[in-house]
Amino acid sequence: MRRGVKCKKEIIEEIKAKYDEIVKNEYGGKYTKALENFDNIAENRLRSVLDFFYDNPKSRNQAWKSCKGEFYEYAVFKALNQIISQKEKLLEKFEILEGDKALPQHREEIAIKNWSEIFPDVDILVIEKKARNVKAVISCKTSLRERLTETAFWKRELERNPHTKDIKLLFVTTDKDNELRIDTNRYIILHVMDCTFVTDPNKYRQLIQAYKQKYGDRKDFNTLLLKIREFSEIGRYLENL
């Protein structure tokens, strides 16, 4: 659930439709495989959708930041939904909901109450079917900057509240600009987040190699490294929730 200026509805719907067509025609309907190539598809195939809506390059570039982020949430949702639908154990146990659609149904479970209700950054919710409760909140970001610190804040707040302390906060990113190598971000994903999933397999392998070279001699390194995984492993993670 993104804050601030949102991508125009007609733009994001056209981007989603074109993406679905690309996945169908070029990836055999496999959203998980298309997600691995997200940045290439987004920048080289779908960014041009905005040309019809904006004459001014500056406005177009600014709008793309919001549209790309919302599009990434959709791409992750479609891939995760496919992973769950193809695993009988997961399909029996969970359903996933997009944040904007899920919040009205589950606001009481994730609300942090103090004078009023405030809500963490919710892009996707993982719901346990039988109990109808929230098992995990998923936050998706293509670019981090200071926003990973914001996500870490929400994780700490969820932990502090008795009725939200058991909810997992999962982070999903492309790590396009190698931002997870920055020490502040490295600390957050290894010591604050429950688990982080990188959707680009090459970026994931490069990140792990960079971590091994810099921190491989730490005694808790191998244990902490389990908290960052390739996106294809998210199904296995959810099976153990």
>> Could you check the spin-label model distance between residue 147 and residue 25? Points 7 Å from the Cα along Cα→Cβ, value in nm.
In response: 2.9
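Taking a threshold of 20 Å on the Cα-Cα distance, which of the pairs 78/101; 9/65; 155/214 fall above it? Before the final figure, lay out each step's value.
Working: 78/101 15 Å; 9/65 14 Å; 155/214 26 Å.
Those over the limit are 155/214.
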> If you find the alpha carbon centre of the range 180-241 and of the range 1-77, how far apart are they in angstrom?
Replying inline: 26
>> If I take every Cα pair under 8 Å that is 6 or more residues apart in the range 119-211, average their sequence separation and divide by the length, what percent do I get for the relative contact order?
In response: 26
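Taking 8 Å as the Cα distance limit and 6 or more residues as the minimum spacing, I'd like the relative contact order of the chain as a percentage.
Values: 319 pairs, mean separation 39.4, N = 241.
Reported as a whole number, the value is 16 percent.
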> Kirkwood hydrodynamic radius (Cα pairs, Å) of the range 83-223?
Replying inline: 16.3
> Once you sort the root eigenvalues of the Cα gyration tensor of the range 151-239 as a ≥ b ≥ c, which label holds: rounded (a/c under 1.5), prolate (a/b larger than b/c) or oblate (the other case)?
Replying inline: prolate
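Using a Förster distance of 30 Å, how high is the FRET efficiency between residue 222 and residue 61, based on the Cβ-Cβ distance and rounded to 0.05?
Details: r = 42 Å, r/R0 = 1.40.
After rounding to 0.05, the efficiency reads 0.10.
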> How far apart, in nm, are two points set 7 Å out from the Cα along the Cα-to-Cβ line at residue 165 and at residue 9?
Replying inline: 4.2
> For the pair residue 81 and residue 209, how long in nm is the line joining their label points, each one 7 Å along Cα→Cβ?
Replying inline: 3.6
>> If the rule is a partner Cβ under 4.7 Å, which cysteines in the chain fail it?
In response: 140, 195
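Calculate the dipole size of the range 29-68 relative to its Cα centre from +1 charges on Lys and Arg beta carbons and -1 charges on Asp and Glu beta carbons; express the result in debye to the nearest 20.
Details: 8 positive and 5 negative charges, 18 e Å.
Charge dipole of the range 29-68: 80 debye, to the nearest 20.
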> Counting each DSSP H run of 4 or more residues in the chain as -39500 (n - 2.57), what helix-only mean residue ellipticity at 222 nm follows after dividing by all residues, to the nearest 500 deg cm²/dmol?
Replying inline: -15500 deg cm²/dmol
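Rule-based calculations on the coordinates, nothing more; no lab input. If you're wondering where the values come from, they're calculated on a predicted model, not measured in any experiment. As a convention, Cβ positions derive from the backbone with ideal geometry for all residues, glycine included, and neighbour counts pool all protein chains shown.
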